[in-house]
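The values are calculated or read from the model by the stated rules, or taken from the named source; none is laboratory data. Note that the coordinates shown come from a computational prediction; the quantities given were computed from them, not determined experimentally. Every residue, glycine as well, gets a Cβ built from its backbone with ideal geometry; the counts of neighbours run over all protein chains shown. These area figures cover heavy atoms from the full protein model, side chains too; ligands, DNA and RNA do not enter into them. Shrake-Rupley method; radii C 1.70, N 1.55, O 1.52, S 1.80 Å.
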Protein chains: 2
Amino acid sequence: MASPGSSFWSFGSEDGSGDPENPGTARAWCQVAQKFTGGIGNKLCALLYGDAEKPAESTGNVPPRAAARKVACTCDRKPCNCPKADVNYAFLHSTDLLPACDGERPTLTFLQDVMDILLQYVVKSFDRSTKVIDFHYPNELLQEYNWELADQPQNLEEILMHCQTTLKYAIKTGHPRYFNQLSTGLDIVGLAADWLTSTANTNMFTYEIAPVFVLLEYVTLKKMREIIGWPGGSGDGIFSPGGAISNMYAMLIARFKMFPEVKEKGMAAVPRLIAFTSEHSHFSLKKGAAALGIGTDSVILIKCDERGKMIPSDLERRILEAKQKGYVPFLVSATAGTTVYGAFDPLLAVADICKKYKIWMHVDAAWGGGLLMSRKHKWKLSGVERANSVTWNPHKMMGVPLQCSAFLVREEGLMQSCNQMHASYLFQQDKHYDLSYDTGDKALQCGRHVDVFKLWLMWRAKGTTGFEAHIDKCLELAEYLYNIIKNREGYEMVFDGKPQHTNVCFWYVPPSLRALEDNEERMSRLSNVAPVIKARMMEYGTTMVSYQPLGDKVNFFRMVISNPAATHQDIDFLIEEIERLGQDL
Amino acid sequence: MASPGSSFWSFGSEDGSGDPENPGTARAWCQVAQKFTGGIGNKLCALLYGDAEKPAESTGNVPPRAAARKVACTCDRKPCNCPKADVNYAFLHSTDLLPACDGERPTLTFLQDVMDILLQYVVKSFDRSTKVIDFHYPNELLQEYNWELADQPQNLEEILMHCQTTLKYAIKTGHPRYFNQLSTGLDIVGLAADWLTSTANTNMFTYEIAPVFVLLEYVTLKKMREIIGWPGGSGDGIFSPGGAISNMYAMLIARFKMFPEVKEKGMAAVPRLIAFTSEHSHFSLKKGAAALGIGTDSVILIKCDERGKMIPSDLERRILEAKQKGYVPFLVSATAGTTVYGAFDPLLAVADICKKYKIWMHVDAAWGGGLLMSRKHKWKLSGVERANSVTWNPHKMMGVPLQCSAFLVREEGLMQSCNQMHASYLFQQDKHYDLSYDTGDKALQCGRHVDVFKLWLMWRAKGTTGFEAHIDKCLELAEYLYNIIKNREGYEMVFDGKPQHTNVCFWYVPPSLRALEDNEERMSRLSNVAPVIKARMMEYGTTMVSYQPLGDKVNFFRMVISNPAATHQDIDFLIEEIERLGQDL
């Protein structure tokens, strides 16, 4: 559990020898650091240089910041104006920062020093010689630090220390070998945009208080609807706090479209409604049904084929069955990119069925929507243009920082009718500007975080072609992984054939299990392999990949690639690491 | 609508003469700027100095960044390593940033330059001589810039320009004269914490991927429950995306507690449920009822007294009425700090009624919860300790950056039972650590943004006593405003008596209306006053305060003070500004 030889302030390879893909040792990095301003060059360089030359243990109990403060000023100006010479955080508190009188200088210096800490973290995140995570068990972390909240303030030195400590134990989600979730990677422009969003610190409810962000949301959602294929990008939408809420919106709007009286009268006034989604779909459909008073029993799970795709004939059969019972099918949620298999439901066939039975067609493309940006892969979502609504999370496959989830609706005005409550203190009808830009009343939320700017700025920086290149590369890496392991000794694929998304699902079978018969005992032992390898990965901190059981399949690895920093070598590394950590099991 | 004499890059007073409360002219500020590093001292100083000396118009069509790029390097080192000498953003794209090979240097330089832009914005936000908003109508902003998203990437010079443009038209929510919403101000430690949160870029669903943040959420929610007064801080809770969703959680959990079968069976399986809240309560209660399939008709609005407080006898009467009809009262949502009047419902009396009729008592303290931090004012929430659940938004009265809304429940385990769906790909049961820290399954969301760190870090920096001082000061300022206007010519109070929260509600009556009889014509003319003054405020950009009608009361101003930068002089300014802008009406 110890953190061998890794210090938060050490850069470059821990052994000083470098990595073939990332040749910078601390010394080389230091030379680079010297070339930029920002107050970090000299400060960091001295630290980093030292750290890499000495064994990391020697930094021992010296708190990182205290170490930083010892660095002598190296500037050439006399008298020296360096902040270290006369800003002593140990004597400063938050009350010395703006809006305090004379607060500008400590504010700027403090924020700059926070920024230095963040920039180091950013650089380290991309460095393969650092750990993905410096894992500690909950009770260890709780005991090692005092996290409690007290009556009295702490000084800014302590606050900076907390920032460092928090990042020390954080997971480096931008690390090239972090594959644990559907959202991985750290986009620099997206990060900058999120910092700006925090600084602007406003709410999305009205144009009045978020003029630019409201316009950008309008522009961005329209562009996304164009890409989906709705004529002229018409329709409606919103950025919601995550795919689960977006899917809940779909259910809410579909129900309202069919039975608008439900808004005032509740579910008591309507017949029993039934939603359909595949057995591989995301759990948020059931969660939404529970919340909306529909009930999880009214979500019918449609059978999937061996690749995890919804079987249309089973969908039709279950719709007819529901109708025969006098129930009302009101929603089919097809999945474009299932969470585990990365499967794409056959949207065209689903669309035909929805049309035939006049059912709202939702497409949960939270994970797969990104493929619409790729000319090579967007055919996998053919039929999405026939959906009534779509969930599409740019924070997944498109690498936008968390959170950024779009809910898109084909019919304009429906969200507004469904959700508006006309709060007069927010949505005054006698304002001096075009009120169609006060979009807050169509949301379930009142205050709503600004999630659009990071996507918009990334889109300007990358262009649609940039997203396309990213997505094509991730899919190519998944195929590379698949090609390596499909015939490799010790691997079994969970389903046959080339992955359609970046999900590659497989068992690693340790040597001790390879000769065993395919019986219950082998299954039971195989089931323990992934959890143990995963635990070891985390304790070593070298890489992270998810695992889970699914139906009658015992724990298997689900590799997903959305990380723009990942390379072929990182895939090779993952395989070697699984084998290194699992061969004795 | 033009922006007279204000340039995004100008600092200090626009006329160079300074402000009595903020004596820094650009020249003085420049001297300060010279004293800190961070790459901004010299760069900014040259710009600012120049800007304040010249009429702002002379910067004319020179794009800000282009102006910045002309500043000669002033460093003393030869050969000069300043990034401007050899980092030319016009030739760099996002693909040159990390994870690109050799991407460290452009990444660090780019992020540093973004930071410079943000730091200038922060400083300007607190400068009374700058505008609160540089207001433009939607069609103006849409025409003036091309916001569209294209196939091809833009270079980093353009990206930096977009950051500047976005901030140029943003509302300065930290400005000392911004009073428009319940969330105002810009806390520097909170801002730093939000930047760190963006950089860590993770999700709250499991300890595995958010170890520190999960522990901080645990610690912080427990502390909040202690302050509410639940024994030992026991109970449960979550940070949710805003007060409306927190209130929806209350309704969801209350329903589940009474009828757990609703999760599977839906509303069809339960009798008609009725919720009660005051006629001054937040619209999210109705929004929640609509979404949850309860229906807005089943939300009974209880009468308020003239101060906006729920009348307990009317609550009891309506509960009995509902029961007589065979309906089931399941929730009373009392409000601690109503949105418009800032009223506190009589929680002890409500608690007695809830106990008598065995109804879930929720307290919507989204706005008023902050007063629990003040020994002087917390009596206004007496009885909150008897609630079953509480909404408390630290992003309002406590000044935490958006968003930060806590939903707190007295009974442990209920959220989990109500919402869990056991997704095996996230909440594996065979992990190597204590699974009680995987809290994601109790949320309605799947992915969940990290909202806790900014509150936690601010709390460490200010201490409970720091929040108390902030809250006491805001309430004192509200009383100051009330004392000035209650007997001042041209003002009428919407309700009598000292404000209980920082809400001060009043009409400004222009001279032309003062002699008129109190009839319909006067009401109609008075109704137009606040919208016109507000429109003028926004066009001048000098201050912002909200207005609305309420019931039979025509448009009135609702002043609220949560902004830590506001002073007595800002209150004086607001009054003078209302009179200046409204005297001709």
Where in the range B:412-446 does accessible area fall by at least 40 Å² between the isolated chain and the complete protein assembly, at a 1.4 Å probe radius?
B:Met421, B:Ser424, B:Tyr425, B:Gln428, B:Asp430, B:His432, B:Leu444, B:Gln445, B:Cys446
Rounded, prolate or oblate: which fits the range B:443-567 when a ≥ b ≥ c are the square roots of the eigenvalues of the alpha-carbon gyration tensor, with rounded for a/c under 1.5 and prolate only if a/b beats b/c?
prolate
With respect to the axis carrying B onto A, what is the closest chain B residue by Cβ position, and how many angstrom separate it from the axis?
B:Gly293, 1
Label spacing, shortest first and in nm, from A:Gly551 to its equivalents in the remaining copies (7 angstrom along Cα→Cβ)
6.1
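Can you tell me the dipole magnitude for the range B:248-399 around its Cα centre, using point charges on the Cβ only (Lys, Arg +1; Asp, Glu -1), in Debye to the nearest 20?
240
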Would you mind pulling out the separation of the Cα centroids of the range A:507-562 and the range B:162-193, in Å?
49
Degrees between helix B:188-200 axis and first principal axis of chain B (Cα, 0 to 90, nearest 10):
90
Mean per-residue count of partner chain Cβ within 10 Å for A:464-470 equals 3
Among the DSSP beta bridges whose two residues both lie in the protein assembly as shown, what percent are antiparallel, rounded to the nearest 5?
55
At B:Ser382 and A:His432, where each label point lies 7 Å from the Cα along Cα→Cβ, what is the point-to-point distance in nanometres?
4.6
Put a label point 7 Å from Cα along the Cβ direction on B:Lys356, then list its distances to the equivalent points in the other copies in nm, shortest first.
6.0
What list of ³J(HN,Hα) couplings, whole Hz, do you get for the range A:490-498 from phi and the Karplus terms 6.51, -1.76, 1.60, once you set θ to phi - 60° and write x for glycine and proline?
x, 10, 10, 7, 6, 9, 7, x, 4
Computed E for B:Tyr540/A:Lys473 - FRET, C-beta separation, R0 45 angstrom, nearest 0.05
0.30
On protein heavy atoms with a 1.4 Å probe, the accessible surface that disappears when B meets A, both sides summed and given to 100 Å², is 15200
Of A:Asn201, A:Tyr145, A:Cys101, which is farthest towards the positive pole of the range A:84-232's charge dipole, taken about the Cα centre with +1 and -1 on the beta-carbons of Lys, Arg and Asp, Glu respectively?
A:Asn201
Starting from the Cα of A:Tyr137, move 7 Å in the Cα-to-Cβ direction to define the label point; list residues of the range B:424-447 whose amide nitrogen is under 14 Å from there.
B:431-437
Return the average number of partner chain Cβ atoms within 10 angstrom of each residue Cβ along peptide A:543-551.
3
Counting only backbone N atoms under 12 Å from a point 7 Å out along Cα-to-Cβ of B:Glu306, the residues of the range B:554-585 in range are none
Could you check how much of the accessible area of chain B is carbon and sulfur, as a whole percent, using a 1.4 Å probe?
51
Could you report the accessible area of A:Arg525 in Å², rounded to 10, computed with a 1.4 Å probe on the protein chains as they sit in the structure?
90
Shielding of B:134-146 by partner chains, average beta-carbon count, 10 Å
3
What percent of all Cα-Cα pairs in the protein assembly as shown falls into each 10 Å bin, going from 0 up to the bin containing the maximum distance?
2, 10, 19, 24, 22, 15, 7, 2, 0, 0
Near the amide H of A:Gly308, under 5 Å away, which other amide H atoms are found, from residues 5 or more places off or on another chain, if H is placed in the peptide plane?
none
Dimensions of the range A:293-438 along principal axes (Cα, Å, largest first)?
57, 43, 25
Say R0 is 25 Å: what FRET efficiency, to the nearest 0.05, do B:Ala90 and B:Asp151 get from their beta-carbon distance?
0.80
Just to check I understand the Karplus step: with θ = phi - 60° and J = 6.51 cos²θ - 1.76 cosθ + 1.60, what whole-Hz values come out for the range A:424-433, glycine and proline as x?
6, 7, 10, 10, 4, 8, 10, 6, 8, 10
Using a cut-off of 15 Å between alpha-carbon atoms, which aspartates and glutamates can reach A:Lys376, once sequence neighbours fewer than 8 places away in the same chain are excluded?
A:Glu468, A:Asp472, A:Glu476, A:Glu479
In nm, to one decimal, how far is the modelled label at A:Lys355 from the one at A:Arg522, with both set 7 Å along Cα→Cβ?
4.8
Once you've got the Cα coordinates, tell me which of A:Lys222/B:Lys131; A:Lys553/B:Lys263; A:Lys265/A:Lys323; B:Lys257/B:Lys309 are over 25 Å apart.
A:Lys222/B:Lys131; A:Lys553/B:Lys263; B:Lys257/B:Lys309
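Quick check for me: using +1 on Lys/Arg Cβ and -1 on Asp/Glu Cβ, what's the dipole size of the range B:473-585 about its Cα centre, in debye to the nearest 20? Present the calculation step by step, with values, prior to reporting the outcome.
Values: 12 positive and 17 negative charges, 46 e Å.
About 220 debye.
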How big is the dipole moment of chain B about its Cα centre under a simple scheme where the beta carbon of each Lys and Arg is +1, that of each Asp and Glu is -1, and everything else is neutral? Debye, nearest 20, please.
1420
HN-Hα couplings for the range A:108-124 via Karplus (6.51, -1.76, 1.60; θ = phi - 60°), in whole Hz with x for Gly/Pro, come out as 5, 5, 4, 5, 5, 6, 4, 4, 4, 4, 5, 5, 4, 4, 4, 4, 4
Among A:Lys462/B:Lys462; B:Lys287/B:Lys442; A:Lys172/B:Lys287; A:Lys303/A:Lys380; B:Lys286/B:Lys431, the pairs whose Cα-Cα distance exceeds 31 Å are A:Lys462/B:Lys462; A:Lys172/B:Lys287; B:Lys286/B:Lys431
Can you list the distances in nanometres, one decimal and ascending, from the A:Ser512 label point to the identical position in each other copy, with the point 7 Å along Cα to Cβ?
9.1
Report, largest value first, the span of the C-alpha coordinates of chain B along each principal axis, in whole Å.
85, 77, 46
